[in-house]
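**Q** Take this structure, written in structure tokens, and hold onto it; I'll ask about it next.
The values are calculated or read from the model by the stated rules, or taken from the named source; none is laboratory data. From a predicted model like this one, the values you see are computed outputs, not experimental measurements. So basically every Cβ, Gly included, is an ideal-geometry build from the backbone, and we count neighbours across all protein chains shown.
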């Protein structure tokens, strides 16, 4: 479904030096696959998610989404693809504090091409087990409940790819397992999931595990990583 080929991404430091974050990275993702990426801070995990999420343009390389060269799209077209095909889940939840749980889930629907309806948001609220919390504000919800709302928001447009950045980082073990089960449910329905995590035990439960180190992606363990 998705192919990254020889992706290179660099940034300019405040001193003007060029810092290479991703070094000729290659990755393929299949529909209905659950992948986990682990790696130390600063290894390029967030940059990888930004590239996959069409929020960052790489310096070079190719990114094909269902055989479409997405790097050639204009920003408006990339935004439309993000809304239609991608779902995002973050460690900090990123819920609007002034919006209810139901309203937060419905946000992506406001930017879609279909007529706006709260029915899809209510369906997702029910699927994450929080049907009785539709009118609650984020401040009235626990961390685990907020993350379930965030996952419902990510799923409301039935995306083909979910990008999850440390989705269990602020949660206890019980809630982390509950979140993982929600991702598994999405996977069973054909959604591809790429999860960034520091939790090695959680990563091992994914279909495939990758280690990102110094801008290189490998299926080897950290001790076996060799330079690019």
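**Q** So, of the residues in the range 44-79 that are more than 14 Å from residue 166 (Cα to Cα), in contact (Cβ under 8 Å) with a residue 24 or more places away in the chain and assigned to a loop (DSSP other than H, G, I, E, B), which turns out to be nearest to the chain's Cα centre (by Cα)?
**A** 53
**Q** Condition first: surrounded by 15 or more Cβ atoms within 10 Å (Cβ to Cβ), outside any strand (DSSP E or B) and either without any contact (Cβ under 8 Å) to a residue 24 or more places away in the chain or out of contact with any helix residue (DSSP H, G or I) (no Cβ under 7 Å at 6 or more places or on another chain) (or both). Now tell me which residues in the range 9-43 satisfy that. Before the answer, list the steps.
**A** Our first condition is that a residue be surrounded by 15 or more Cβ atoms within 10 Å (Cβ to Cβ); within the range 9-43, this holds for 9-10, 20-25, 27, 29, 32-39, 43.
Checking which are outside any strand (DSSP E or B) leaves us with 32-33, 39, 43.
33, 43, listed by residue number.
**Q** So in the range 155-174, with the set limited to residues that are within 13 Å of residue 123 (Cα to Cα) and in contact (Cβ under 8 Å) with a residue 40 or more places away in the chain, which one is surrounded by the most Cβ atoms within 10 Å (Cβ to Cβ)?
**A** Restricting attention to the range 155-174, the residues satisfying the condition of being within 13 Å of residue 123 (Cα to Cα) are 155-158.
In the following step, the residues that additionally are in contact (Cβ under 8 Å) with a residue 40 or more places away in the chain were identified as 155-157.
On the way: 155: 25, 156: 23, 157: 20.
Only one residue fits best here, namely 155.
**Q** Return a yes/no flag: does the range 114-121 have any residue that is assigned to a loop (DSSP other than H, G, I, E, B) and in contact with a strand residue (DSSP E or B) (Cβ under 7 Å, 6 or more places away or on another chain). Can you show your working first?
**A** Filtering the range 114-121 down to residues assigned to a loop (DSSP other than H, G, I, E, B) leaves 114-118.
Filter once more, so that each one left must be in contact with a strand residue (DSSP E or B) (Cβ under 7 Å, 6 or more places away or on another chain): none.
No, because not a single residue in the range 114-121 is assigned to a loop (DSSP other than H, G, I, E, B) and in contact with a strand residue (DSSP E or B) (Cβ under 7 Å, 6 or more places away or on another chain).
**Q** Tell me whether the range 175-188 contains one or more residues that are in contact with a helix residue (DSSP H, G or I) (Cβ under 9 Å, 6 or more places away or on another chain), surrounded by 18 or more Cβ atoms within 10 Å (Cβ to Cβ) and under 23 Å from residue 79 (Cα atoms).
**A** yes
**Q** Something else: If I ask for residues that are crowded, with 21+ Cβ neighbours inside 10 Å and closer than 27 Å to residue 129 by Cα, which ones from the range 203-221 would you list?
**A** 206
**Q** With 6, 98 as the choices, which residue is closer than 25 Å to residue 112 by Cα, surrounded by fewer than 19 Cβ atoms within 10 Å (Cβ to Cβ) and at pLDDT 90 or above?
**A** Values: 6 fails: closer than 25 Å to residue 112 by Cα.
Only one candidate passes the filter, namely 98.
**Q** Identify, from the list 124, 146, the residue that is at pLDDT 95 or above, in contact with a helix residue (DSSP H, G or I) (Cβ under 7 Å, 6 or more places away or on another chain), in a helix (DSSP H, G or I) and closer than 25 Å to residue 35 by Cβ. Steps first, please.
**A** Details: 124 fails: at pLDDT 95 or above.
None of the other options fit; the residue is 146.
**Q** Let me ask something else. Among 181, 158, 205, 153, which is more than 24 Å from residue 3 (Cβ to Cβ) and in a loop (DSSP other than H, G, I, E, B)?
**A** Working: 181 fails: in a loop (DSSP other than H, G, I, E, B); 158 fails: more than 24 Å from residue 3 (Cβ to Cβ); 153 fails: in a loop (DSSP other than H, G, I, E, B).
Result: 205 is the single residue among 181, 158, 205, 153 that is more than 24 Å from residue 3 (Cβ to Cβ) and in a loop (DSSP other than H, G, I, E, B).
**Q** Also: Within the range 80-89, take every residue that is in contact (Cβ under 8 Å) with a residue 60 or more places away in the chain and either part of a loop (DSSP other than H, G, I, E, B) or in contact with a helix residue (DSSP H, G or I) (Cβ under 7 Å, 6 or more places away or on another chain) (or both) and give me the one that is farthest from residue 139 (Cα to Cα).
**A** Residues of the range 80-89 that are in contact (Cβ under 8 Å) with a residue 60 or more places away in the chain, as a first pass: 83-89.
With the extra rule that they be either part of a loop (DSSP other than H, G, I, E, B) or in contact with a helix residue (DSSP H, G or I) (Cβ under 7 Å, 6 or more places away or on another chain) (or both), the set shrinks to 83, 87-89.
Values: 83: 26, 87: 23, 88: 21, 89: 18 Å.
Taking the candidates together, the pick is 83.
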